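Bear in mind that the values in this text are calculations on the coordinates, not laboratory data. Since we're looking at a predicted model, the values are computed, not measured. Please note: Cβ atoms are built from the backbone with ideal geometry, for glycine as well, and neighbour counts cover all protein chains shown.
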Amino acid sequence: MGLFSFIFKMRSVKMKMFVVITLILVIYLIVSYVLLEKWYTRSQKDQDRDSLEQKWNITLQYVVVHLDLKGSPPLLSYLQSILKQLKDHGTTALLMEYEDMFPFEGALVNLTARNCYKKDELKEFLTFAVQMGLEIIPLVQTFGHMEYALKLREFQHLREDPKYPDSICPSANESQELIREILRQVIQFHSTIAPLKHIHIGFDEVYQFRVCDLCFQKKTKFEKRAERVTRNEWANSEKRVFEHDGRLLAPLARAGRPPS
Ligand SMILES: [Zn+2]
């Protein structure tokens with residue numbers, strides 16, 4: 001027996017009225033609660049956003065999320081599942097730091113970890129991100145943080161200090177060849193998905209610097225002049241950084257827009 005037929009079969013008119021009014025009241029309260037809760041949640045979110053913008057008084061053109069994929073790499077399916085959330089929080093670009101998780105080939109095949117991402121799955125993930133409107137910025141270490149290459153026997157001789165695998169010697173031609181090949185493979189792979197606007201070339205935490213014989217000799221070659229002019233040791237260090245930077249930026253500029 002349905003509720004309404006039950007009400008109609010009730011004898012007392014007062015009883016019928018009481019049940020109908022109670023029902024209307026209950027429905028009214030439920031609808032009001034749902035609408036009020038929605039309104040409160042939305043206004044709270046607006047307030048949070050407004051207060052953040054007011055607090056910092058900044059408008060960010062770029063909100064880049066750094067995905068550090070080495071060491072303990074997350075599954076790409078998991079990363080894909082959080083992209084919408086990142087986008088909703090204002091993310092405009094993903095900075096992809098692969099190191100040994102990139103599927104290098106040819107002369108660089110030994111740089112890859114056994115569990116490195118496969119080209120197909122990486123392409124699928126990046127394409128999904130690009131379709132969501134996110135820019136992809138690959139991060140390729142080119143000076144410090146080179147352990148993933150310099151720990152290998154075949155590249156050990158390119159260490160600035162033989163005792164430490166973190167910094168590469170900027171003066172060795174082989175270093176330039178290695179870094180250019182790494183850049184070439186990363187740029188070529190990403191260009192098949194979307195044209196790259198930016199590339200991050202690391203350059204931080206170069207702990208071993210001007211230690212090897214080659215770099216020391218170079219100092220006598222062109223830094224003495226700078227020393228005479230400036231007598232500033234730091235300026236000489238900068239010069240070496242700029243030289244390495246310049247040699248790397250030329251092929252990058254040819255590959256696309258130079259980093260801004
Ligand atoms: Zn050196």
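Here are the numbers for the structure shown:
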item: Net charge of neighbours whose Cβ lies under 9 Å from the Cβ of residue 111, counting Lys and Arg as +1 and Asp and Glu as -1; result: -2
item: Set of the stretch 90-117 residues, backbone N closer than 14 Å to the point 7 Å along the Cα-Cβ line of residue 124; result: 117
item: Loop-located GluC sites (Glu not before Pro) in the stretch 146-224, at most 12 other Cβ atoms within 10 Å (DSSP); result: 205
item: Table column - 3J(HN,Hα) (Hz), the stretch 18-34, Karplus curve with 6.51, -1.76, 1.60, x for Gly and Pro; result: 4, 5, 4, 5, 4, 4, 4, 4, 4, 4, 4, 5, 5, 4, 4, 4, 4
item: Cβ-Cβ FRET estimate between residue 34 and residue 68, R0 fixed at 35 Å, reported to 0.05; result: 0.25
item: Of the chymotrypsin sites (Phe, Trp or Tyr not before Pro) in the stretch 149-204, those whose Cβ has at most 15 other Cβ within 10 Å and which sit in DSSP loop; result: 203
item: Net charge of Cβ neighbours under 13 Å - reference residue 178; Lys, Arg +1; Asp, Glu -1; result: 0
item: Two-site FRET efficiency, residue 194 against residue 42, from Cβ-Cβ distance with R₀ of 25 Å, rounded to 0.05; result: 0.15
item: Rounded to 5, percent antiparallel among DSSP beta bridges of the stretch 52-198; result: 10 percent
